[in-house]
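Asker: Pasting in a structure now, in structure tokens, and then I'll have a few things to ask.
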Ligand SMILES: CC(C)(COP(=O)(O)OP(=O)(O)OC[C@H]1O[C@@H](n2cnc3c(N)ncnc32)[C@H](O)[C@@H]1OP(=O)(O)O)[C@@H](O)C(=O)NCCC(=O)NCCS
């Protein structure tokens, strides 16, 4: 059960570095504040991300780093490509139901498959490190890029809910998704088949 995850395990998990083909995912530090604020301070990101304020100031980045360094419930990774910060991916344990996947990239880094690559690494990490049965996530109905990422990662649509978006100052409809451990593990084990002509 999520509630039973021992704090040291979350603490250790936060210090991991994840490598993908093009990305490094690592714990953000105070040295990253300027870069994070520079990337996040864009309305196109804030309007699609529930808890991101706009304008996004360096103080917000400091708050994020402090909260996730000694907080109990969230894991946040800074996404780097070629040693350059490009965004954030994380999982939070705030809901009663299941851990929730969230991510954003600086606008200049959209459209190159980085969102999918980072989400996959975070999903693998969560299922491999923690005894959780499922992950949840959501995308505004007006956010096809995020919905595509979730579907490509095996998430299944579970309904529409209204969620409050801090930067909008109001609520907006969100497509909700779930990824069960069973589906994830089946996708990971789906080997290649070959075709032979007779
Ligand atoms: C969502 C976000 C992370 C996508 O990052 P990205 O690196 O550009 O996404 P990817 O390149 O991995 O792929 C997104 C998929 O959506 C598709 N896509 C992108 N923009 C699209 C659009 N406007 N309409 C339809 N499809 C779109 C891409 O073609 C791709 O699908 P494909 O691989 O089948 O071609 C980025 O747009 C972002 O940070 N948005 C603001 C914050 C946000 O929405 N976060 C998610 C909510 S928690």
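The values are calculated or read from the model by the stated rules, or taken from the named source; none is laboratory data. Here the structure is a predicted model, which means the values were calculated and not measured. Glycine also receives a Cβ, built like all others from the backbone with ideal geometry; neighbour counts cover every protein chain displayed.
Asker: Is there a residue being touching a helix residue (DSSP H, G or I) at 6+ places or on another chain (Cβ under 6 Å), outside any loop (DSSP other than H, G, I, E, B) and modelled with pLDDT under 95 anywhere in segment 139-158?
Answerer: Scanning segment 139-158, I find no residue that is touching a helix residue (DSSP H, G or I) at 6+ places or on another chain (Cβ under 6 Å), outside any loop (DSSP other than H, G, I, E, B) and modelled with pLDDT under 95, so the answer is no.
Asker: Which condition from (1) modelled with pLDDT under 95; (2) in contact with a strand residue (DSSP E or B) (Cβ under 6 Å, 6 or more places away or on another chain) is the one that residue 132 breaks?
Answerer: Of everything listed in (1) modelled with pLDDT under 95; (2) in contact with a strand residue (DSSP E or B) (Cβ under 6 Å, 6 or more places away or on another chain), residue 132 misses just condition (2).
Asker: Would you pick out the residues in segment 27-45 that are in contact with a strand residue (DSSP E or B) (Cβ under 8 Å, 6 or more places away or on another chain) and either buried (at least 19 other Cβ atoms within 10 Å of the Cβ) or modelled with pLDDT of 95 or more (or both)?
Answerer: 28, 32, 35, 36, 39, 40, 45
Asker: Scan segment 72-105 residue by residue and report those that are assigned to a loop (DSSP other than H, G, I, E, B) and either closer than 23 Å to residue 131 by Cα or under 14 Å from the mean Cα position of the chain (by Cα) (or both).
Answerer: Across segment 72-105, the qualifying residues are 72, 73, 93, 94, 95, 96, 97, 98, 99.
Asker: Among the residues of segment 61-87, which ones are surrounded by fewer than 18 Cβ atoms within 10 Å (Cβ to Cβ), at pLDDT 95 or above and touching a helix residue (DSSP H, G or I) at 6+ places or on another chain (Cβ under 7 Å)?
Answerer: The answer is 62, and nothing else.
Asker: Restricting attention to segment 95-109, and to residues there that are crowded, with 20+ Cβ neighbours inside 10 Å and more than 7 Å from the ligand (Cβ to nearest atom), which single residue is farthest from residue 20 (Cα to Cα)?
Answerer: 99
Asker: So, in segment 110-127, how many residues would count as being within 9 Å of the ligand (Cβ to nearest atom) and either part of a loop (DSSP other than H, G, I, E, B) or touching a residue at least 60 places away in the same chain (Cβ under 8 Å) (or both)?
Answerer: Number satisfying all stated conditions: 7.
Asker: While we're here: Within segment 128-150, how many residues turn out to be more than 9 Å from the ligand (Cβ to nearest atom) and surrounded by fewer than 20 Cβ atoms within 10 Å (Cβ to Cβ)?
Answerer: 10
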